[in-house]
1. Take segment 302-336 and flag every residue that is among the charged types (D, E, K, R) and either part of a strand (DSSP E or B) or over 24 Å from the mean Cα position of the chain (by Cα) (or both).
2. Considering only segment 448-459, I want to know if a residue exists there that is of a type in the set (Gly, Ala, Ser), part of a helix (DSSP H, G or I) and more than 27 Å from Thr221 (Cα to Cα).
3. Just checking, does segment 161-180 include any residue being among the acidic types (Asp, Glu) and farther than 22 Å from Asn20 by Cα?
4. So, His437, is that one over 30 Å from Asn315 (Cβ atoms), part of a strand (DSSP E or B) and of a type outside the set (Lys, Arg) or not?
5. On the given criteria, is Ile316 of a type in the set (Val, Ile, Thr) and over 29 Å from Ile399 (Cβ atoms)?
6. Answer yes or no as to whether Ala279 is out of contact with any strand residue (DSSP E or B) (no Cβ under 9 Å at 6 or more places or on another chain), surrounded by fewer than 22 Cβ atoms within 10 Å (Cβ to Cβ) and within 22 Å of Ala338 (Cα to Cα).
7. Of all residues being touching a strand residue (DSSP E or B) at 6+ places or on another chain (Cβ under 8 Å) and of a type in the set (D, E, K, R) in segment 304-357, which is surrounded by the fewest Cβ atoms within 10 Å (Cβ to Cβ)? Just the residue, please.
8. Would you point out the residue of segment 376-398, among those that are crowded, with 16+ Cβ neighbours inside 10 Å and of a type in the set (S, T, N, Q), that is farthest from Lys249 (Cα to Cα)?
Amino acid sequence: MQKVSATIHQANFSSHNETNIDELKRTFATGRTKPYQWRVQQLTALKQLIEENSSAIILALHTDLGKCETESWLTEIGYSIADIKGNLKRLKSWMKPTKISTPMITQPGKSYTISEPLGVALIIGAWNYPFQLVITPLVAAMAAGNCAVIKPSELSEATSALLAKLVPKYLDNAAFKVIEGGKDETTELLAQPFDKYFYTGGEQVGRIVMAAAAQHLAPVTLELGGKSPCVVDGETNLDVAVRRIVWGKWMNAGQTCVAPDYILIEEEYLADFSQRLIAEIKKQYGKDPSKNTDYGRIINQRHCSRLINYLDGENIIHGGKHNLDNKFIEPTVVIQPAASSALMQEEIFGPILPIITFKGKLQMLDFITAKPKPLAAYVFTSNAKFEAEFIERVSAGSICINDTNIFLVNHDLPFGGVGTSGMGQYHGKCGFDIFSHTKSVMKRSFKFDAAIRYAPFSKFKLMLLKKF
């Protein structure tokens with residue numbers, strides 16, 4: 001594929017981008033973003049943007065991450081289109097008032113809630129899925145009737161530049177802006193009084209975003225990460241299990257927030273599982289993944305060096321080859337890393353899969369529950385009792401049984417972390433809700449006005465009130 005030339009346009013924030021944000025606030029104040037017709041128009045335009053520029057998006061993703069066309073379609077382009085279609089299909093019903101029961105003491109009357117947009121949202125995207133992780137929160141913000149500032153990651157330069165080019169051509173320029181740049185631009189953005197902050201990325205920056213939102217008492221959604229465990233019951237269908245683990249782990253060269261971070265398995269099944277796993281890696285990516293166009297690259301040399309350093313002194317049973325200049329690390333399997341090692345202390349976010357063994361299933365659950373709550377947790381088992389215990393004991397943003405990342409394909413499932421893996425959920429109706437305020441409304445009639453609640457009070461009135 002040809003390389004896309006990408007330039008990050010670093011504007012003087014205080015003079016130009018503050019004006020942009022003020023413009024969005026003025027737009028929102030007019031009420032133009034609230035009608036159903038405007039929301040549908042913008043969602044349809046966003047869908048058109050993707051469909052008419054899919055080749056350019058694929059090229060940008062290949063430039064940034066070495067993604068192949070199929071993976072780009074599955075995880076970014078097609079995924080985003082499906083999300084838009086789902087929102088368009090359900091938006092009218094989501095916008096309808098919701099009836100709420102009205103207690104006797106307030107009769108005659110009626111109660112209901114209305115979803116109203118929050119205002120101007122800040123959406124900060126991540127570099128690992130640089131298109132989809134900007135578009136899906138934008139879809140939710142748009143469906144809810146908000147304006148938005150979009151800040152793509154500066155590490156995925158080609159995709160960032162493409163978004164900055166395309167968004168003004170398709171969307172309402174008075175309601176949506178793309179602001180490019182790095183740390184300085186992001187810091188300036190976080191100082192602005194947005195009505196909603198939405199961030200996808202790491203825990204450290206997530207804390208900074210949350211602190212910034214607190215300065216304005218604004219709601220925040222943090223989509224972070226963590227070490228997502230994958231338990232394999234050795235008595236289950238291992239052939240299917242390893243196929244799905246290899247797919248989920250080495251998609252995007254392991255740079256997926258919900259990728260299986262490490263495997264837990266009973267020690268008696270280690271040899272059999274490892275052999276099957278290695279055979280499946282070779283089946284999906286060949287004997288030399290560096291020549292396989294289906295296998296991606298690490299985002300930059302700094303992250304590549306970090307991952308290479310993780311392998312120092314480890315027991316590598318497969319892989320380990322790397323090329324820093326090409327940002328390549330082959331699918332790598334490590335056995336029994338120390339609990340204190342970087343592989344077991346840090347989110348790997350790359351193509352390295354540690355395997356640790358235990359004497360029994362309950363020990364594996366004890367190991368997981370002693371760690372911070374992950375964004376996702378996986379279990380492969382045919383044992384209904386163990387499955388139920390896993391679901392009961394493991395606290396995670398999401399759990400998938402007998403598969404890995406595929407649960408994200410269900411746009412109606414809320415997605416988000418818990419604890420240090422994130423705060424708040426989105427996708428589908430949940431996404432609409434996090435960019436909305438649920439406004440409560442009660443309407444009373446003038447026909448009847450019970451004197452029971454008015455002074456002067458009496459024991460008789462108190463007796464009647466106690467019956468309600």
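The values are calculated or read from the model by the stated rules, or taken from the named source; none is laboratory data. The structure presented is a predicted model; accordingly, all values stated were derived computationally and were not measured. Here the Cβ positions follow ideal geometry from the backbone for every residue, glycine too, while neighbour counts run over all protein chains shown.
1. Correct list: Asp312, Glu314, Lys321, Asp325, Lys327, Glu330.
2. Checked against the condition, which is being of a type in the set (Gly, Ala, Ser), part of a helix (DSSP H, G or I) and more than 27 Å from Thr221 (Cα to Cα), segment 448-459 yields at least one hit.
3. Within segment 161-180, not a single residue is among the acidic types (Asp, Glu) and farther than 22 Å from Asn20 by Cα.
4. Yes: the conditions hold for His437.
5. Yes.
6. no
7. Lys321
8. The qualifying residue farthest from Lys249 (Cα to Cα) is Thr381.
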